[in-house]
Each structure stands twice: as structure tokens, then as C-alpha cells.
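One structure is given here, and the rest of the page talks about it.
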Amino acid sequence: MVEAFHPSRMSEIIYPRSPRETMDGWSYLPRYVDKIRLHLAGKLHSDYTENLGRAFDGFWLKAAGVTHEQFVAVVKNSLTDGEVCDWVRTNVKRTAPEEAAHWQDVLSRRPAGDEAACAWLKARKESSGIAHRDEIKTFVDYIDADEKRI
């Protein structure tokens, strides 16, 4: 059965992949690629545009040693994730331990001990209606919960 068009579907958010997903050994990279592709297609929800190329995207860029503009051009000129992987393999020279250290840094970004980060995570959880979820301890947890993956 084909579903009828409904105008409310036009405002639905297309979520990028989880920050936990990996591509060519790099955690978070698939999410960043999704955000760029959605932005180029004019479908990146406004909730994501402010931090495009910054925050977690910026952590990956710094670890990879490339700029946001460089990487947008790579994604724009690639039809598949495989082509992006080929570019990363050729142009981003990091060892497997360096890639793992990058992910450990991102995954373990717990706000414990950082009052501003604790307050920010608490505020984000409250604004998303998930303040009661004590298992959400990192920003990666928050992203996956907010995007209904956990």
C-alpha cells in the first residue's frame, strides 16, 4: 500500500548516522559525511547547521588534519562512501592507534569535573525531554538518545 502525502512529513528530521559508527577505521566519520551530504542537498535540519564543521565535526577534522572546506569538497565530489574512504586512505595519514585514540577521546567526553559541560549536557537532556535518563552520561549518549537510537 502506498502512503498518501502528508504535509507534516516535510518537516521530519533526517538523522545522520550515529556518532558511534565507523568508516575506514574512523569513528564519527559516517555521521559527518551524512551531515555534509544533507547540507549539500538542502535537507540538513536547522538543529545541525550551527555546528556543521565544528564541535564533534571539528574534533574529527583536527584529528584528520584537514579543513571543513577541504572535506566538503571531497564529499561533494564523491558519489559513495567508498570514494570518501579512498580519499581518506590516501590523504589522511594516521595510524590505527591514533584513530582509536581519537574515538576514545570523543566517546569519553564526559562532562564529569567540567561544570560548564555538566550544565550543558543537563540542559540539553532537559530540552529534549530526557532529563530522567540517568544512563546518558556523555554527549555521544545524548546524541543517540535524542535521535531515538537508544
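The values are calculated or read from the model by the stated rules, or taken from the named source; none is laboratory data. As the structure is a prediction and not an experimental result, all values here were calculated from the model. Heads up, the Cβs are rebuilt from the backbone with ideal geometry, glycines too, and the neighbour counts pull from every protein chain shown. In case anyone asks, the SASA skips ligands and DNA or RNA and just uses the protein heavy atoms, side chains included. Shrake-Rupley method; radii C 1.70, N 1.55, O 1.52, S 1.80 Å.
For A64, the stated conditions do not hold, so it cannot be described as farther than 18 Å from I14 by Cα, free of Cβ contacts under 8 Å to residues at least 24 places away in the same chain and surrounded by 13 or more Cβ atoms within 10 Å (Cβ to Cβ). Looking at F5, F71, which is the one that is more than 25 Å from A145 (Cβ to Cβ), modelled with pLDDT of 95 or more and not acidic (D, E)? Testing whether each residue is more than 25 Å from A145 (Cβ to Cβ), modelled with pLDDT of 95 or more and not acidic (D, E) leaves just F71. Among all positions in the range 38-51, there is at least one residue which is modelled with pLDDT of 95 or more, open to solvent by less than 70 Å² (accessible area, probe 1.4 Å), out of contact with any Lys or Arg (no Cβ under 6 Å at 6 or more places or on another chain) and small (G, A, S). Taking the stated definitions as given, is A55 closer than 19 Å to E147 by Cβ and open to solvent by less than 80 Å² (accessible area, probe 1.4 Å)? Criteria met by A55.
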